[in-house]
Amino acid sequence: MPDNENMLPSITVIIPVYNDTARLQLCLNALTKQTYPSEKIDILVVDNNSAVSCEEVVAKIPNATYLFEKDAGSYAARNKALAYDSLADVVAFTDSDCIPDSDWLSQAVAVLMRSTTIGAVGGRVDVFAANSSASLPELYDIVTGFDQKGYIQKEHFSVTANLVTRKDVLNAVGQFNAALKSSGDKDWCQRMVKSGYDLVYCDSAVVNHPARDSVKSIKTKLRRLYGGFYHNHKYVKKDKLFTPAGLLEALMPPVNYIRKMRSMSARLSLSTGKQIQLACFFYTMKLYTLGYRVRLMTGLAGKVERL
């Protein structure tokens, strides 16, 4: 990254929010503490028709602008911001429930500026527990959380919780597909890669995400996620999750998560007993998604919850 601050590109940070004002405030506070020059940062917060407006919270941040998008979906909200007149040369995406490290933007932009062939940078997303004695739901969320390095290197996408790109790349690739209720980040990144740009992982560009701490919150997350998958399957593109083979696979033990748990056992201080409990919890939640998929397909799930 250039030493001269005047040579640094300006950045627009885009944050969609839906009924999450308390955590949005933590995110905005973290963005005010960036090591990147504050005069180079603008923040666009897009309220996706929340029950209670976050406009007053946004108004307290000097470089933040409040926008409103009535159409449901985080990708519609992000597109609202992308259509904003004063979009900067660099565009960074994060979520209202994320807390960026103080050098998040500095680290990401340093990598992005290495070459014009780099179209976007995806950084690390650390899922953290409230304290050192993580509950079973928190451990589940940590182990099954965002494998950004794997997503980028194997599947060529980064989640929008931590994605930094350039305005010219967005102009070339286009906006997010707002018809998608899940995996719009995957769709956009893969379109970008097909357009000839590189997607690069940056381990030092970190945002933090609090782990869900109850079975209820884990189930809510899964219903929202699979509800989005089913919307995509029904209205956009067929998904193998809702085929007989996909449903049958849900009966199989969650081997990949168990392997990942074992590789993280020392860092998480997991005893053998706790590993067995967590493996059982993985399988229970996998069966829960199977039941929810069947309810979606048979029309028994009722209204799909918002992402």
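Some points to look at:
- Which of Asp85, Asp47, Asp101 is most accessible, then next, and so on - probe 1.4 Å: Asp85, Asp101, Asp47
- For the range 45-111, applying the loop criterion from DSSP together with a ceiling of 16 other beta carbons within 10 Å to the trypsin sites (Lys or Arg not before Pro) yields Lys60, Lys70.
- For the range 213-256, the fraction of 1.4 Å probe accessible surface lying on carbon and sulfur atoms is 62 percent.
- For the range 290-300, the Karplus equation 6.51 cos²θ - 1.76 cosθ + 1.60, evaluated at θ = phi - 60°, returns couplings of 4, x, 5, 4, 5, 5, 4, 5, 9, x, 9 Hz by residue, with Gly and Pro reported as x.
- Placing a label point 7 Å from the Cα of Glu5 along the Cα-to-Cβ direction, the residues of the range 29-48 whose backbone N falls under 20 Å of that point are 29-43.
- Loop trypsin sites (Lys or Arg not before Pro), the range 90-185, which have at most 14 other Cβ atoms in a 10 Å radius of their Cβ (DSSP): Arg114
- Considering only Tyr235, Asn208, Ile218, and ranking their Cα positions along the charge dipole of the range 164-253 that arises from unit charges at the beta-carbon of Lys, Arg, Asp and Glu, the one farthest toward the positive end is Tyr235.
- Heavy-atom accessible area ranking, 1.4 Å probe, most first, across His233, His209: His233, His209
- Accessible surface ranking that places the most exposed of His156, His231 first, with a 1.4 angstrom probe: His156, His231
- The magnitude of the dipole of the range 127-216, with charges of +1 and -1 set on the Cβ of Lys/Arg and Asp/Glu and taken from the Cα centre, is near 280 debye.
- Rounded to the nearest 10 Å², the accessible area of Thr117 at probe 1.4 Å: 70 Å²
The values are calculated or read from the model by the stated rules, or taken from the named source; none is laboratory data. What you see is a predicted model, and the numbers here were worked out from it, not measured in a lab. Virtual Cβ from ideal backbone geometry, glycine too; neighbours counted across all protein chains shown. When the accessible area is computed, the model is the full protein with side chains, heavy atoms only, and any ligands, DNA or RNA have been set aside. Shrake-Rupley method; radii C 1.70, N 1.55, O 1.52, S 1.80 Å.
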